[in-house]
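Remarks on the structure that follows.
The values are calculated or read from the model by the stated rules, or taken from the named source; none is laboratory data. Please read these numbers as outputs of a predicted model, since none were measured by experiment. Cβ coordinates were reconstructed from backbone atoms using ideal geometry, including for glycine residues, and neighbour counts include every protein chain displayed.
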Amino acid sequence: MLRSNSRFSKMLRRASHAKRRGAFLLAAATGLGGAVLAPTPAFADFRVCNSTQNLVGVAIGYRTASGWVSEGWWRIEKSSCKTLIEGPLESRYYYLYAEDAASGGRWEGKVQMCVALTEFKIAGTNDCFARGFQRAGFQEYDTREQENWMVDLTDGPADNDTLTNSDASQ
């Protein structure tokens, strides 16, 4: 659900574009008269699409073997998508928090995690303020152990904020 008056919207307007490069592998082997290309792997990832008309900043949270991690900010331009986690998903549950840079609107939930005003990767969810971070409510997404998942941020009501069909062709 989109909510307004965000405390992080100023940061999104000022923050430099964090370059997050995907790793792409093109393997080619040459033989005695021709080239053989390695097969292209199927897409498996966690993507967020921004179907609004404004820049959106996104943070994600997830559990690893060593504990909780939250990281951000991905800057997603209007009418575009970004991959937040590349490769097959290792967790069943992922958590998102997003803000509209222009209106200050938020997509949030009840799961509290740490965030920072600039690009961050934070281990743990306890003592956010004591460690110099802020706290934000993240929305839980149950991927049902699928290898890929997509969330679509919209201006519409809460029940239309996500498209979570991992079998949909991209």
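Points worth noting:
- The residues listed here are 125, 118, 162; of these, the one that is assigned to a loop (DSSP other than H, G, I, E, B) and at pLDDT below 95 is 162.
- Cβ-Cβ under 6 Å pairs, at least 6 apart or on other chains, the range 111-134 side touching a residue at least 24 places away in the same chain (Cβ under 8 Å) and crowded, with 16+ Cβ neighbours inside 10 Å, far side assigned to a strand (DSSP E or B) and among the hydroxyl-bearing types (Ser, Thr, Tyr): 111/95; 113/70; 114/70; 122/70
- Pick from the range 43-71, criterion β-branched (Val, Ile, Thr) and under 14 Å from the mean Cα position of the chain (by Cα), ranking: surrounded by the fewest Cβ atoms within 10 Å (Cβ to Cβ): 69
- Per-region count, the range 83-107, residues under 13 Å from the mean Cα position of the chain (by Cα) and surrounded by 18 or more Cβ atoms within 10 Å (Cβ to Cβ): 10
This table checks each residue for (1) modelled with pLDDT under 95; (2) in contact with a Pro (Cβ under 8 Å, 6 or more places away or on another chain); (3) not aromatic (Phe, Trp, Tyr).
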| site | (1), (2), (3) |
| --- | --- |
| 32 | yes, no, yes |
| 36 | yes, no, yes |
| 40 | yes, no, yes |
| 53 | yes, no, yes |
| 59 | no, no, yes |
| 65 | yes, no, yes |
| 69 | no, no, yes |
| 73 | no, no, no |
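- Qualifying position, being over 25 Å from residue 44 (Cβ atoms), under 15 Å from the mean Cα position of the chain (by Cα) and either at pLDDT 95 or above or in a loop (DSSP other than H, G, I, E, B) (or both), among 156, 137: 137
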